[in-house]
Amino acid sequence: MAIQLNKKALEHARSLVKRGRVSKDERDDWSDDAPTSTEENEYLDAHGFDKYSLWFLGEDPSENAETKGRYSFPYGDFSRVHRGGVISAESRAAQNDHSSIAKAARELLELIDGDAPDSAIHVKRD
């Protein structure tokens with residue numbers, strides 16, 4: 001099955017942005033800021049897959065919900081949304097024809113940059 005938009009993660013990201021939990025970094029910064037595999041495992045051990053899944057805009061429902069392989073297009077470091085992570089997610093999603101994820105990331109970026117009203121990001125059913 002195809003990767004689809006993780007609607008709960010999008011809402012989580014929107015909430016974080018509205019609360020100011022954002023790093024307004026650049027795309028190139030994301031390679032340094034993205035959580036490492038070790039950091040992901042530590043977060044999983046402390047919080048479980050329900051919380052872990054909230055940090056990824058994409059999910060593959062054909063994969064087990066309690067595996068890392070289900071989740072893709074990370075956008076933050078488990079505490080803040082990273083502008084660079086959102087830019088990276090948008091670019092990768094667009095390159096791989098995941099239009100709903102690319103659109104959600106683009107709208108999230110507009111919210112981060114202050115170019116969109118709070119209500120601009122909405123969850124569209126695929």
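The values are calculated or read from the model by the stated rules, or taken from the named source; none is laboratory data. Here the structure is a predicted model, which means the values were calculated and not measured. Counting neighbours? That spans all protein chains shown, and the Cβs are built from the backbone with ideal geometry, glycine included.
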Seminar exercise, completed: Output for Cβ contacts, cut-off 9 Å, separation at least six or different chains, first residue within 18 Å of SER88 (Cα to Cα) and at pLDDT 55 or above in region 106-121, second among the hydroxyl-bearing types (Ser, Thr, Tyr) and outside any helix (DSSP H, G or I), reads LEU108/TYR75
Problem set entry | region 50-71 residues that are touching a residue at least 40 places away in the same chain (Cβ under 8 Å), paired with ones that are of a type in the set (Val, Ile, Thr) (beta carbon under 7 Å, 6 or more apart) | LEU57/ILE101; GLY58/ILE3; GLY58/ILE101; GLU59/ILE3; ASP60/ILE3
For this session: Assess whether SER31 counts as being surrounded by 18 or more Cβ atoms within 10 Å (Cβ to Cβ), out of contact with any Ser or Thr (no Cβ under 7 Å at 6 or more places or on another chain) and not hydrophobic (A, V, I, L, M, F, W, C).
Result: no
Problem set entry | Residues of region 47-87 classified as among the hydroxyl-bearing types (Ser, Thr, Tyr) and over 25 Å from LYS24 (Cα atoms), total | 2
Exercise. Does region 37-45 contain at least one residue that is over 15 Å from the mean Cα position of the chain (by Cα), polar (S, T, N, Q), assigned to a loop (DSSP other than H, G, I, E, B) and surrounded by fewer than 16 Cβ atoms within 10 Å (Cβ to Cβ)?
Worked result: no
